[in-house]
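Below: the structure, in structure tokens.
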Amino acid sequence: MKKLLFTSLLLLIISKTYSQKQNSETRQFIDNAEITQINKDWNVKAEFKSGIGEIVSFFPVEAIDLKSNQKVKSLQMDITITSQLLGKSNSYFKSSWIDLNEVDEFILFIETYVIPNLKEKTERNQSTTYIFNSREITFSFYIEKSSRRISIYLKDNGSTDNEHYFWTESQVNKIPELLTMLKEIK
């Protein structure tokens, strides 16, 4: 009986471990290296700012494991969110990565679903949302009547952080700049 219970528990733990979504290969590479160098290219950047001071920046990076000299290139996204609660200012900052194989899908998503719909409108009481999911972010493009909004949510191990996210309506017109930058890093 004890063997059966132990075996069942072990199988449950193994299946739970392997069923969890992993973070990006870049984050895993950085987390597993003892000494890492990250080179950021600020010349190729796309940035969105909200009306309340939130900022999201996309730019290419190269991470180097200095012991093995292995290198990984990817797209880094930095998000800064500042909020006010009862007169107290709180800041949140996080970096996430989009692996290069996911960048191809991100480009396809923007070219196919976002750019053609930048000027689209919906009928009254209707809306349309296009969603791109990578391992570490969710990018959402929302249309309702004549207004448009982008939202960016962060993920850790496949779980979406609904508390810290970015959204803007005024910066939607900068999506073509993001597409140009994405194509430059490929």
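The values are calculated or read from the model by the stated rules, or taken from the named source; none is laboratory data. Bear in mind that the values here come from a model prediction, so they are computed numbers and not experimental data. Quick reminder, even Gly has a Cβ in these numbers, built from the backbone with ideal geometry, and neighbours come from all protein chains shown. To get the accessible areas, we keep the full protein, side chains included, count just its heavy atoms, and leave off ligands, DNA and RNA. Shrake-Rupley method; radii C 1.70, N 1.55, O 1.52, S 1.80 Å.
Observations on the structure shown:
- Heavy atoms of residue 31 accessible to a 1.4 Å probe, total area in Å² rounded to 10: 110 Å²
- Computed about its Cα centre, the charge dipole of the chain is approximately 440 debye, with only Lys, Arg, Asp and Glu carrying charge at their Cβ.
- Potential lengthening of the chain between residue 122 and residue 107 amounts to 3.0 nm, from the contour at 0.36 nm per residue minus the alpha-carbon distance.
- Counting 0.36 nm for each residue step from residue 162 to residue 93 and taking away their Cα separation leaves a gain of 23.4 nm.
- Percent of C-alpha pairs per 5 Å bin, the chain, short to long: 1, 7, 13, 17, 17, 14, 10, 8, 5, 3, 2, 1, 0, 0
- Acute angle (nearest 10 degrees) that the helix 175-185 long axis makes with the longest principal axis of the chain, alpha-carbon atoms: 50 degrees
- Tilt relative to the chain, helix 100-109 - C-alpha long axis, 0 to 90 degrees, to 10: 30 degrees
- CD proxy at 222 nm, helix term only [per DSSP H run n ≥ 4: -39500 (n - 2.57); per residue of the chain; nearest 500]: -8000 deg cm²/dmol
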